[in-house]
Amino acid sequence: MNNNLIQYIYGIADNSLILGQRLGELCGHGPSLETDIAMTNISLDLFGQVRSYYQYAAQLIGGDATEDTIAFLRKERDYKNVLLVEQPNQDFANSIARQFLFDVYHLLVLEELQNSNDVTLSAIAKKSIKEVSYHTRFSSDWIRRLGDGTEESHNRIQSAINDLWIFTDELFHQTDADKAMVTEGIGVDVTLLKTNYFKKINEILEEATLQIPTIEYFQKGGKQGIHSEHMGYLLAQMQYMQLAYPNMNW
């Protein structure tokens, strides 16, 4: 069993699982029916990608491991998602800002993961990239609309970007598993994506007449399993059915 590969898969897949869960909480609460359905569909896209990753991880782990046990029966410290995606829903601007800041990163990772020496991860990336390209267009368009819209929409999206910016640097931190997989030609060296990421982010924010936050301290820890106070509440909801009724299938 290649534990570094399993942990690397968790580092990618857990981001989509937790963000998909957050988006699922918004079902029925969108500002319009079309937008509500779009965000729900993005959630379903992410869950579909997660299933592929977890099925692969379950094969590597062996025994009784399944996509369901990986998704629902791990402890909080075992999830390796970044802090950004676990931040709670507040207003629509906050949800869009969180989506935008993750989508740009997610697309860059998948573009590189297509070239992985691991044929399964490469195939998942190739299958997922079309969906994530749409996610990125969707969230980027909303950033422009809100930023260059009314005074209230501008202020709300600027406030959301300001609040979430502190979590962006963690996207480019490497765990030991990340480094090991990069060495083997399997993983993506996210440190090389940082310049392009902030270039793309800055271009969209400037189009949206939004200010780019300037802060010196960034929060991190999610990739090491050290999460914010919000994660426990999220897992309590997400894991309830499987813990209450064991052996349910996803």
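Which of (1) part of a helix (DSSP H, G or I); (2) touching a residue at least 12 places away in the same chain (Cβ under 8 Å); (3) exposed (fewer than 15 other Cβ atoms within 10 Å of the Cβ) is the odd one out, the single condition Trp165 does not satisfy?
For Trp165, the failing item is (3).
Residue-wise test of (1) open to solvent by 40 Å² or more (accessible area, probe 1.4 Å); (2) free of Cβ contacts under 8 Å to residues at least 60 places away in the same chain.
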position: Gln55; (1), (2): yes, yes
position: Asp68; (1), (2): no, no
position: Glu86; (1), (2): no, no
position: Gln99; (1), (2): no, no
position: Glu112; (1), (2): yes, no
position: Ser122; (1), (2): no, yes
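Pull out all pairs, ordered by first then second residue, where Cβ-Cβ is under 8 Å, the residues are six or more apart or on different chains, the first lies in the range 143-158 and is among the acidic types (Asp, Glu), and the second is in a helix (DSSP H, G or I).
From residues that are among the acidic types (Asp, Glu), the pairs are Asp148/His154; Asp148/Glu207.
Of everything in the range 25-52, what is at pLDDT below 95, open to solvent by less than 40 Å² (accessible area, probe 1.4 Å) and part of a helix (DSSP H, G or I)? Give them in sequence order.
Thr35, Asp36, Ala38, Met39, Thr40
Regarding the range 69-92, can at least one residue be identified that is among the aliphatic types (A, V, I, L, M), at pLDDT 95 or above and out of contact with any helix residue (DSSP H, G or I) (no Cβ under 6 Å at 6 or more places or on another chain)?
No; the residues of the range 69-92 include none that is among the aliphatic types (A, V, I, L, M), at pLDDT 95 or above and out of contact with any helix residue (DSSP H, G or I) (no Cβ under 6 Å at 6 or more places or on another chain).
Would you pick out the residues in the range 168-198 that are in a helix (DSSP H, G or I) and over 23 Å from Gly221 (Cβ atoms)? Break it down into steps so the answer makes sense when it comes.
Of the residues in the range 168-198, the ones in a helix (DSSP H, G or I) are 169-172, 176-183, 190-198.
Thr183, Thr195, Asn196 - these are the residues of the range 168-198 that are in a helix (DSSP H, G or I) and over 23 Å from Gly221 (Cβ atoms).
List pairs: first residue in the range 194-223 and farther than 20 Å from Gln158 by Cβ and without any contact (Cβ under 8 Å) to a residue 40 or more places away in the chain, second residue β-branched (Val, Ile, Thr) and open to solvent by 50 Å² or more (accessible area, probe 1.4 Å) anywhere in the structure, Cβ distance under 7 angstrom, at least six positions apart or on different chains.
If the second residue must be β-branched (Val, Ile, Thr) and open to solvent by 50 Å² or more (accessible area, probe 1.4 Å), no pairs are left.
Identify, please: which residue in the range 199-250 is assigned to a helix (DSSP H, G or I), small (Gly, Ala, Ser) and touching a helix residue (DSSP H, G or I) at 6+ places or on another chain (Cβ under 7 Å) and is, among those, surrounded by the most Cβ atoms within 10 Å (Cβ to Cβ)?
Here is the first cut: in the range 199-250, the ones assigned to a helix (DSSP H, G or I) are 199-207, 222-224, 229-244.
Add one more test, that the residue is small (Gly, Ala, Ser), and what stays is 222, 232, 236, 244.
Filter once more, keeping what is touching a helix residue (DSSP H, G or I) at 6+ places or on another chain (Cβ under 7 Å): 222, 232.
Details: Gly222: 26, Gly232: 11.
Ranking the qualifying residues of the range 199-250, first place goes to Gly222.
Name the residue, out of Gly11, Gly63, that is open to solvent by 60 Å² or more (accessible area, probe 1.4 Å), over 27 Å from Ala93 (Cβ atoms) and among the small types (Gly, Ala, Ser). Before the answer, list the steps.
Numbers: Gly11 fails: open to solvent by 60 Å² or more (accessible area, probe 1.4 Å).
The conditions single out Gly63.
With the checklist (1) open to solvent by 20 Å² or more (accessible area, probe 1.4 Å); (2) closer than 22 Å to Lys220 by Cα in hand, flag the one item Glu152 doesn't pass.
Result: Glu152 fails condition (2) only.
Tell me, yes or no, whether the range 4-17 has at least one residue that is in contact with a Leu (Cβ under 9 Å, 6 or more places away or on another chain) and assigned to a loop (DSSP other than H, G, I, E, B). I'd like the intermediate steps shown before the answer.
Applying the first criterion (in contact with a Leu (Cβ under 9 Å, 6 or more places away or on another chain)) to the range 4-17 yields 5-6, 8-9, 12, 15-17.
Next, only the ones that are assigned to a loop (DSSP other than H, G, I, E, B) stay: none.
No, the range 4-17 has no match at all.
The values are calculated or read from the model by the stated rules, or taken from the named source; none is laboratory data. Quantities reported herein were computed from a predicted structural model and do not represent experimental measurements. As a convention, Cβ positions derive from the backbone with ideal geometry for all residues, glycine included, and neighbour counts pool all protein chains shown. Side chains are part of the model used for accessible areas, which takes the heavy atoms of the whole protein and leaves out ligands, DNA and RNA. Shrake-Rupley method; radii C 1.70, N 1.55, O 1.52, S 1.80 Å.
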